[in-house]
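Here the structure comes first, spelled out in structure tokens, and everything after it is commentary.
Readers should treat all values here as calculations from the given coordinates under stated rules, not as data from a laboratory. All values derive from a computational prediction rather than experimental measurement. Please note: Cβ atoms are built from the backbone with ideal geometry, for glycine as well, and neighbour counts cover all protein chains shown.
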Number of protein chains: 2
Amino acid sequence: MHPNRIGAVYAGRYGIVGALTEDLIDTSLETDEDIAALRHTPSGAFGSCRYKLKGIEENRAEYERLLEVFKAHDIGYFFYNGGGDSQDTSKKIAEFSREAGYPLACIGIPKTVDNDLPATDNCPGFGSVAKYVAVSIREAGFDVASMAKTSTKVFVMEVMGRHTGWIAASSGLAQTRPREAPHLILFPEVTFDEEDFIKQVEACVQKYAYCAIVASEGLKSPSGQFVAESGSRDAFGHAQLGGVAPIVAQMIKNRLGYKYHWAVSDYLQRAARHIASSTDVEQAYALGRAAVEMALAGRNAIMSTIIRVSDDPYVWEIGSVGLAEVANVEKKMPKDFITDDGYGITDACRRYLGPLIQGEDYPPYRDGLPNYVTLKNKAVLRKLATTFEPA
Amino acid sequence: MHPNRIGAVYAGRYGIVGALTEDLIDTSLETDEDIAALRHTPSGAFGSCRYKLKGIEENRAEYERLLEVFKAHDIGYFFYNGGGDSQDTSKKIAEFSREAGYPLACIGIPKTVDNDLPATDNCPGFGSVAKYVAVSIREAGFDVASMAKTSTKVFVMEVMGRHTGWIAASSGLAQTRPREAPHLILFPEVTFDEEDFIKQVEACVQKYAYCAIVASEGLKSPSGQFVAESGSRDAFGHAQLGGVAPIVAQMIKNRLGYKYHWAVSDYLQRAARHIASSTDVEQAYALGRAAVEMALAGRNAIMSTIIRVSDDPYVWEIGSVGLAEVANVEKKMPKDFITDDGYGITDACRRYLGPLIQGEDYPPYRDGLPNYVTLKNKAVLRKLATTFEPA
């Protein structure tokens with residue numbers, strides 16, 4: 001181990017799963033050009049995972065295995081980027097390595113389109129999704145407005161956000177005047193009131209001839225059930241056909257008779273590197289760089305953060321927070337970010353969200369398409385005799 | 001009327017509906033800046049319609065009304081842009097005005113994302129949708145590839161194209177190597193074979209760990225029914241919940257057990273001015289300009305067209321075709337554009353589609369969002385005493 005510098009940089013293939021299975025990628029075998037191209041390439045270049053480490057007492061073998069892999073490859077710094085689950089993983093590894101007396105700097109880096117990590121102004125990824133969602137509903141709104149006289153009057157766009165309405169809220173940035181899209185936003189924070197909603201849609205169509213709606217996938221009915229799961233079942237009785245957008249659209253059709261269209265942007269929204277916010281890209285890199293600097297400065301069990309100094313002009317700096325304060329804490333939208341009627345965003349929300357979508361950071365194009373990079377991702381030679389199957 | 005020049009330019013509000021109801025927009029009241037901004041603004045700035053004139057014998061009153069409006073406002077040139085129905089409208093108006101002895105130059109301008117007009121290399125709007133669709137499936141493909149190890153293995157993106165697979169085919173441009181998205185394209189031209197499709201998906205996941213699929217909304221089952229309409233019904237028995245993407249995704253889940261995600265881009269794809277093809281934008285303007293020049297040169301009952309001179313380099317010029325040759329003719333995809341297995345595009349298809357997505361033509365941004373224009377759209381003073389209700 002090198003106390004003041006980093007030698008090789010290995011990446012776990014598919015995140016912590018690669019660390020557990022000793023499936024490590026030697027990033028030094030990539031060209032500088034390819035590594036640089038990651039800045040304009042969407043998604044996790046080394047693979048990602050949905051895998052949360054259990055508690056240390058529940059599955060000690062996993063933690064022992066991790067340290068075994070780290071020791072075998074002389075790993076002294078562990079960086080892990082992601083949302084709440086990833087920060088929790090970092091925290092547990094920091095705790096276990098400390099207990100085990102293995103010197104390891106564990107640094108978390110925030111990254112989640114859900115924007116629900118505490119202690120940081122925002123989470124990388126979110127600003128770009130926010131921009132995509134606001135751009136998309138503005139564009140679709142123009143389309144519906146032009147067609148409304150003789151065709152589609154209602155458009156419903158579904159966006160991500162199972163538990164918090166950050167992404168849904170950001171669509172509201174597209175509206176600068178009441179006649180513009182989105183007219184109604186359905187937040188997971190606001191229990192869906194069908195009767196009131198139908199009245200709002202009808203009033204909107206009567207006033208503006210059309211109604212553009214953004215619905216969060218996490219919208220809940222008064223019973224606490226996800227609206228997306230309240231839909232119909234297929235011939236086999238499976239419920240997962242849904243999506244909240246088609247259900248809300250069909251409800252409007254049934255009640256008011258308006259012709260509708262709906263969209264579900266799903267992964268398109270979070271992979272849309274072509275319309276990334278340059279503020280977001282800049283902060284993502286600053287947080288990663290800061291994490292490395294913190295590790296080299298001997299710090300441990302922290303996550304790098306964005307501290308907002310001012311809204312307008314948007315001034316921010318880098319900070320840090322203990323992983324214990326981050327893990328398993330979900331940052332909810334403040335109540336005063338949603339208008340009293342429950343369907344719009346307040347000026348306070350605009351002041352918060354506005355800066356995050358500023359600036360365009362277009363990728364380079366080749367043959368009319370973004371020139372994204374796929375790394376070689378060559379494996380580091382295994383050193384351990386044993387294999388390991390994640391639980 | 002001015003034989004060699006055009007005085008005022010009026011736009012029908014909501015297309016031909018505005019002409020029938022004498023609801024005309026005086027475009028001279030817009031600023032030059034706003035008119036120029038239409039170049040980077042999506043959708044129909046004067047409103048659009050789904051309204052097809054009936055045959056002259058069936059509804060002579062409509063045609064008489066149109067000429068009455070044209071006479072009242074000294075209209076000598078009629079330009080109408082759109083797809084097959086719009087060209088048919090132009091053709092009928094040209095015929096009727098000729099019969100009635102009213103001197104009117106009727107010029108059609110191609111414009112449809114469906115790309116199904118004959119006699120023109122392509123239709124404005126299509127190249128930009130093609131670019132959006134190819135960019136989107138490339139981006140989502142990166143996302144799914146990174147997650148596939150422990151999460152989503154299958155992604156289905158639904159695109160427009162009720163009758164022809166032009167848009168679905170263009171997604172194929174995103175794939176430069178077999179491992180890249182999209183792995184399977186479901187065309188309306190190829191009858192859906194569930195058993196074979198499931199085999200293809202399974203083989204793809206086994207080989208590449210994930211499978212990215214683009215499904216045309218017009219996909220048909222062997223019975224000739226739209227797959228999108230074969231899905232479940234809601235509590236009221238309505239069938240329109242569907243969308244082909246959730247049905248195909250659920251089918252894969254039921255048969256193979258793979259975790260899936262799906263997206264329906266709907267209006268987002270055709271309104272996505274932020275990712276427009278500069279080739280498309282350039283051709284759209286060239287076709288409009290040519291239409292005006294043709295009218296001033298005394299021509300009538302024609303549509304301006306794009307003639308492809310060569311594929312590579314892509315060289316094109318402006319041509320024209322009689323409206324009678326365009327109306328009610330649907331340009332199908334050539335059979336040799338789809339690979340023998342029915343799930344991909346051929347090199348011939350790539351040679352055709354490739355040039356249409358070249359170049360980026362970004363709109364200007366303001367506060368992090370595209371600065372699209374909404375015109376004032378002030379009405380021309382009515383001159384007729386009578387009103388008219390379109391059928």
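Just a few scattered comments:
- Given charges at beta-carbon only (K, R positive; D, E negative), |dipole| of region B:270-334 in Debye: 240 debye
- Applying both filters, DSSP loop and at most 16 other Cβ atoms within 10 Å, to the chymotrypsin sites (Phe, Trp or Tyr not before Pro) of region A:244-347 gives A:Tyr314.
- In this structure, B:Lys335 and A:Tyr102 have a Cβ-Cβ separation that, at R0 = 56 Å, corresponds to a calculated FRET efficiency of about 0.30.
- Per-bin percent of Cα-Cα distances, region A:98-222 [5 Å]: 2, 11, 18, 18, 16, 11, 7, 5, 3, 3, 2, 2, 1, 1, 0
- Per-selection Rg to Rh, region A:278-391 - Cα, Kirkwood hydrodynamic radius: 1.09
- Peptide A:42-48 - average C-beta neighbours from other chains (10 Å radius): 6
- With a simple spin-label model that places each label point 7 Å from the Cα along the Cα-to-Cβ direction, the separation between B:Glu202 and B:Asp32 comes to 6.7 nm.
- Top positive-direction residue, dipole computed over region A:259-391 with Cβ charges, set A:Thr386, A:Leu323, A:Ser277: A:Thr386
- Gyration tensor over alpha-carbon atoms, region A:135-182, equivalent ellipsoid semi-axes in Å: 22, 12, 7
- Residue of B:Asp280, B:Asp367, B:Asp336 that the Gaussian network model of chain B assigns the largest fluctuation, springs spanning Cα pairs under 10 Å: B:Asp367
- 15 Å beta-carbon shell around A:Asp193, net charge (K/R +1, D/E -1): -4
- Dmax and Rg, reported as Rg then Dmax, of chain A (C-alpha, Å): 23.0, 72
- Computed from Cα atoms alone, the Kirkwood hydrodynamic radius reported for region B:1-81 is 14.0 Å.
- Highest mean packing comes first when the peptides A:325-334, A:122-131, A:351-360 are listed by Cβ atoms within 10 Å, giving A:122-131, A:351-360, A:325-334.
- Its Cα gyration tensor gives the protein assembly as shown an equivalent ellipsoid; the semi-axes, largest first and in whole Å, are 50, 28, 25.
- Most fluctuating residue given options A:Ala169, A:Ala228, A:Ala203, as computed from a GNM of chain A linking Cα atoms under 10 Å: A:Ala203
- Efficiency of FRET from Cβ geometry, B:Asp367 and B:Ala209, R₀ 56 Å, rounded to 0.05: 0.85
- When +1 charges are put on Lys and Arg Cβ atoms and -1 charges on Asp and Glu Cβ atoms, the dipole computed for the protein assembly as shown relative to its Cα centre reaches about 120 debye.
- R0 of 30 Å, Cβ-Cβ distance A:Glu282-B:Arg39: FRET efficiency to nearest 0.05: 0.50
- Within region A:146-213, GluC sites (Glu not before Pro) in DSSP loop having at most 10 other beta-carbon neighbours inside 10 Å: none
- Overall, region A:22-107 carries a charge dipole of about 400 debye about its Cα centre when +1 sits on the Cβ of Lys and Arg and -1 on the Cβ of Asp and Glu, all other atoms neutral.
- Calculated P(r) tail over 16 Å for region B:82-170, as whole % of Cα pairs: 65 percent
- Beta bridges from DSSP with both residues in chain B: antiparallel share about 45 percent, rounded to the nearest 5.
- Sparsely packed loop sites in region A:1-79 (the trypsin sites (Lys or Arg not before Pro) outside DSSP H, G, I, E and B with at most 15 other Cβ atoms within 10 Å) comprise A:Arg5, A:Arg50, A:Lys52, A:Lys54.
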